[in-house]
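Let me begin by presenting the structure, written as structure tokens, before commenting on it.
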Amino acid sequence: MTVRDLLVDLCAEHLDAVTGEPVPLQALVGLLAACGVAEPSTRVAVAALRRTGWLTAVRRGRETLCAPAAPLREAVTAQRERIDRRLGPWDGQWRMVVYSVPETDRAARERVRQGLARAGFGPLAPATWVSPHRCALDEVHAELAGEHTSRLDLLIASVADPRLTDGELAARCWDLPRFAAGWTRVLDRLRASAAAGTPDGPAALGLHLRLRAETRAVLAGDPLLPPVLQPPGWPARDVRDAWADAGARLAAAARAHVADVLGVVATPPRAAVA
């Protein structure tokens with residue numbers, strides 16, 4: 001969880017929902033203080049997002065006013081759409097990438113691996129990665145467009161060995177117990193929040209932003225396997241339900257606090273996990 005991530009979520013989930021106007025930098029400082037973020041750290045994160053074009057800033061007297069910019073909204077929307085594409089039904093086929101990078105170019109090899117992971121692939125063998133998602137080959141083609149590999153084969157395959165199930169293949173490619181543990185932690189936190197009652201004010205905002213950061217940290221590596229490939233009792237299913245219930249109430253309380261700080265009227269939150 002970085003200050004930059006917290007600031008992006010604050011902008012995308014709350015500022016955009018309660019106001020279309022730029023907000024004082026000092027208000028951002030006060031809002032992120034709910035997560036224990038010190039003022040200098042917030043100012044550094046704001047400056048970084050301004051340099052990337054994700055935030056705009058104007059002066060009004062002695063105040064600096066900030067607002068989310070189109071690239072920030074586009075990045076958040078693209079991430080949601082990528083998740084939605086991976087939640088569709090499975091067609092029973094695996095998308096496969098076989099690649100080769102010159103042995104001397106270790107940096108390129110690592111970039112290729114990171115690009116494959118971002119596109120939802122897992123390593124079946126050192127240079128052979130697979131994904132169950134229909135969109136995976138298009139995504140990895142875009143991820144690796146700038147890499148100069150000596151071999152990059154994009155294939156569609158299926159399991160032909162009767163001794164191997166698709167679920168077993170998935171378990172070879174991803175550390176599913178680690179992801180299950182991450183989802184269980186998020187689920188426990190959501191359930192504890194529901195049992196304790198929804199907080200308000202800064203506590204609601206701080207808890208909502210931290211929970212979203214924890215969820216995103218698990219999502220960053222989880223391949224979002226179709227249900228047929230998930231181990232029994234896969235906790236991510238319950239996490240989605242918990243976000244739709246306890247998470248929505250917490251988001252509403254957090255948004256009310258943001259609106260109160262900014263002096264505007266809050267609107268109902270979107271029902272979204274990440």
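Just so you know, all these numbers are worked out from the coordinates, no wet-lab data involved. Nothing here was measured: the structure is a model prediction, and the numbers come from that model.
Over all pairs of different C-alpha atoms, the stretch 55-100 has a mean inverse distance whose reciprocal, the Kirkwood radius, equals 14.6 Å. Stokes-Einstein diffusion for the stretch 121-204 at 4 °C, viscosity 1.567 mPa s, with a Kirkwood radius from C-alpha pairs, works out to 78 µm²/s. If you look at the Cα atoms of the stretch 157-264, you get an Rg and a Dmax of 17.8, 64 Å. Ellipsoid semi-axes for the stretch 1-130, based on the Cα gyration tensor and the rule √(5λ), read 39, 19, 12 Å when sorted largest first. The C-alpha atoms of the chain define a longest principal axis, and helix 201-219 lies at about 10 degrees to it. Computed over the Cα atoms of the stretch 157-199, the ratio of the radius of gyration to the Kirkwood radius (Rg/Rh) comes to 1.33.
Distance from the alpha carbon centroid of the stretch 68-146 to that of the stretch 1-34 works out to 30 angstrom.
Counting only Cα atoms, the size of the stretch 207-265 along its three principal axes is 48, 21, 15 Å, in decreasing order.
Stokes-Einstein diffusion for the stretch 1-76, with the hydrodynamic radius set to the Kirkwood value over Cα pairs and evaluated at 20 °C in a medium of 1.002 mPa s, equals 175 µm²/s. Here the Karplus relation 6.51 cos²θ - 1.76 cosθ + 1.60, evaluated at θ = phi - 60°, turns the backbone of the stretch 18-33 into coupling constants of 9, 7, x, 9, x, 10, x, 4, 5, 5, 4, 4, x, 5, 6, 4 Hz, with x for every Gly and Pro. Here the sum of -39500 (n - 2.57) over DSSP H runs of 4 or more residues, divided by the residues of the chain, equals -15500 deg cm²/dmol at 222 nm, to the nearest 500.
Relative to the longest principal axis of the Cα atoms of the chain, helix 176-196 runs at roughly 30 degrees. When the Cα convex hull of the chain is projected onto planes of every orientation, the mean area is 16.4 nm².
Shown here is the pair-distance distribution of the stretch 82-154: with all Cα-Cα distances grouped in 10 Å bins from zero up to the longest one, the shares run 21, 55, 20, 4, 0 percent.
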